[in-house]
Structure formats: C-alpha cells, structure tokens
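Read the structure below first, then the notes.
The values are calculated or read from the model by the stated rules, or taken from the named source; none is laboratory data. If you're wondering where the values come from, they're calculated on a predicted model, not measured in any experiment. Here the Cβ positions follow ideal geometry from the backbone for every residue, glycine too, while neighbour counts run over all protein chains shown. Accessible surface is based on the protein model in full, side chains and every heavy atom, while ligands, DNA and RNA are left aside. Shrake-Rupley method; radii C 1.70, N 1.55, O 1.52, S 1.80 Å.
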Amino acid sequence: MTEADSQTEGEGMASRRTRASLAVFWKGGWFRRVLLVAVALMLLPIALTILYIPSFVHPISTLMVKDLVTLQGYDRKWVPLEEIAPVLMNSVVMSEDGQFCSHYGVDLAELKLVIDDAISGEKPRGASTITMQTVKNLYLWLRPLETARKVVELPLAIYVDLVMPKRRIMEIYLNIAEWGPNIYGIEAAAQHYFGKSAKNLTPRQAALLTVALPNPITRNPAKPGPGLRRLANVIERRASRAGGYVDCLQ
C-alpha cells in the first residue's frame, strides 16, 4: 500500500467515525434535548410576560437574581405607579425615551439613526427604549455580548409592548431598575438617597435620580458633581414641559 493510499484510507476512516458519532448524537436524543432546551429558553420570556401583566405580580430582574445567587442580597420595595411622584415618571420619559407613549416598543426613527451611524463609522448613539430596557432587565444579562443581546431584545420589546399596557411597563421598569449597588426600584432609591418615599420626591430629586440611571454604580444622586447637576437641570426643565409625551401614563 502506497503512502497516498494509506492517507486516503485514514481520511475515510475519520469520515466514517464522524458520521457514526453524528448518528449516535441523533439517535441518542442529545440533539432533541438541546433543541428543546433552546426552544424553552426562547419561550420562557413570552410566558413570563403574560404572567407579569397583573399588578399583584412583582417581577425581579436578572441582576437581582444574580445578587441572590451570590448571596449579596438586595434592597427593593415594590410600589404601584400611583405611589410614585408623577414628576419622576415625567423625568424618566423625557430623559430615557421621549416617544415612549407613541412607539411600539422600539423607536424605529432612533434605530435608523444608530444603523446609519454604524454604517458611516461614527460612534453609535443609544437607542434603547424604556420597553427595551425593561426586557433587558427582566430577561437578559449579556453585557459582553451587546450585539447578540440586541437581536433578542428588539423582538421581545415589540412583543411586550403589544401585550402589556404602557403603565404596567413603566411600573415594572421603575421597580426593577438598578439605582446603585444592590439597590433596585425607585422606592428603595428614594429612601436610600433622599430619605423619603418615591411619592414625595421633588422635581430636583426626580431629575437627579433619573440622570443617575445610565450609570448607577458611579453616579450618586445625593452627591452630584458639576456634570450631573447640569444634566439634572436639563431634565428638570424637560419634565416640567412633558405634556403630551406622558399621556399614556395619566
């Protein structure tokens, strides 16, 4: 047998072993099990969203689950929307998602601008809506895999907006948003930073809490620096003129 014949025979044996392994994989049911797990993970947020619609259900976020698993614990006091100062909701909408009441979970105009920026090589701007942030906080935790997360986040945000009232989306968001290390929800944040309930927040305090949201680990609403104070000034003015932007929350 020549060296070429030996090589050909070796490759043939490797190919047969590969096919045999694949056959065992299929026959053993491993593929079906992996597929079933993947389908279950995809369907879980769909089922949970329906479960989360009633107001008596108090969901927790993936970060809160992480705090529980790592035995850190967390501070969160659930409050209904009626017990949150309207100026806080106005501030959040005018800062985070001005079209919250009019879009369907995803702000297509902002998304187009992000895509255009990416194509032109410019630094992408943020285009996450409040609904998208709620979906991320409830179901996703893939910070190192931003692009992969967005692929899942976008259709889920549209689905959540379709089946869940805007007021309920806002209520969940404000009760699971991270406002500091192991601090979640507006009630715990208001009490931690200002020693008062969320329903008694002043316009200034609401603005400071709002501008802390993009980076709650490093931004302290109770001890704002010059930059944070300037941002709060802008949001406070916008919140006072929210008007029709918050009609869906009335």
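The table below lists the values:
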{"read-out": "Test result for L156, surrounded by 16 or more Cβ atoms within 10 Å (Cβ to Cβ) and either in a helix (DSSP H, G or I) or without any contact (Cβ under 8 Å) to a residue 60 or more places away in the chain (or both)", "value": "yes"}
{"read-out": "Yes/no for E122 being open to solvent by 70 Å² or more (accessible area, probe 1.4 Å), farther than 29 Å from E236 by Cβ and modelled with pLDDT under 90", "value": "yes"}
{"read-out": "Residues within the range 174-198 that are out of contact with any helix residue (DSSP H, G or I) (no Cβ under 8 Å at 6 or more places or on another chain) and assigned to a loop (DSSP other than H, G, I, E, B), tallied", "value": "2"}
{"read-out": "Number of the exception - Q133 against (1) touching a residue at least 40 places away in the same chain (Cβ under 8 Å); (2) outside any helix (DSSP H, G or I); (3) of a type outside the set (K, R)", "value": "(2)"}
{"read-out": "Cβ-Cβ under 6 Å pairs, at least 6 apart or on other chains, the range 210-230 side in contact (Cβ under 8 Å) with a residue 24 or more places away in the chain, far side open to solvent by less than 50 Å² (accessible area, probe 1.4 Å) and assigned to a loop (DSSP other than H, G, I, E, B)", "value": "A212/P221"}
{"read-out": "Close pairs from the range 173-193: first closer than 19 Å to T70 by Cβ and among the hydrophobic types (A, V, I, L, M, F, W, C), partner part of a helix (DSSP H, G or I) and open to solvent by 10 Å² or more (accessible area, probe 1.4 Å), Cβ under 6 Å, at least 6 apart", "value": "I176/N137; I183/H192"}
{"read-out": "Of all residues in the range 222-233 being part of a helix (DSSP H, G or I) and open to solvent by 50 Å² or more (accessible area, probe 1.4 Å), the one that is farthest from P165 (Cα to Cα)", "value": "P226"}
{"read-out": "Counted residues, the range 88-110 - those being open to solvent by 50 Å² or more (accessible area, probe 1.4 Å) and either outside any loop (DSSP other than H, G, I, E, B) or of a type outside the set (F, W, Y) (or both)", "value": "5"}
{"read-out": "Members of the range 234-245 found to be open to solvent by 50 Å² or more (accessible area, probe 1.4 Å) and part of a loop (DSSP other than H, G, I, E, B), listed by number", "value": "R241"}
{"read-out": "The range 159-182: number of residues that are closer than 24 Å to P54 by Cα and within 16 Å of the chain's Cα centre (by Cα)", "value": "16"}
{"read-out": "In the range 53-87, residue farthest from D161 (Cα to Cα) [restricted to those that are of a type outside the set (S, T, N, Q), in a loop (DSSP other than H, G, I, E, B) and open to solvent by less than 30 Å² (accessible area, probe 1.4 Å)]", "value": "G73"}
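For (1) surrounded by fewer than 19 Cβ atoms within 10 Å (Cβ to Cβ); (2) more than 20 Å from C101 (Cβ to Cβ); (3) at pLDDT 95 or above, each residue gets a yes or a no:
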| site | (1), (2), (3) |
| --- | --- |
| A148 | yes, yes, no |
| V163 | yes, no, yes |
| E171 | no, no, yes |
| W179 | no, yes, yes |
| K199 | yes, yes, yes |
| T202 | yes, yes, yes |
| A212 | no, yes, yes |
| N220 | yes, yes, yes |
| D247 | yes, no, yes |
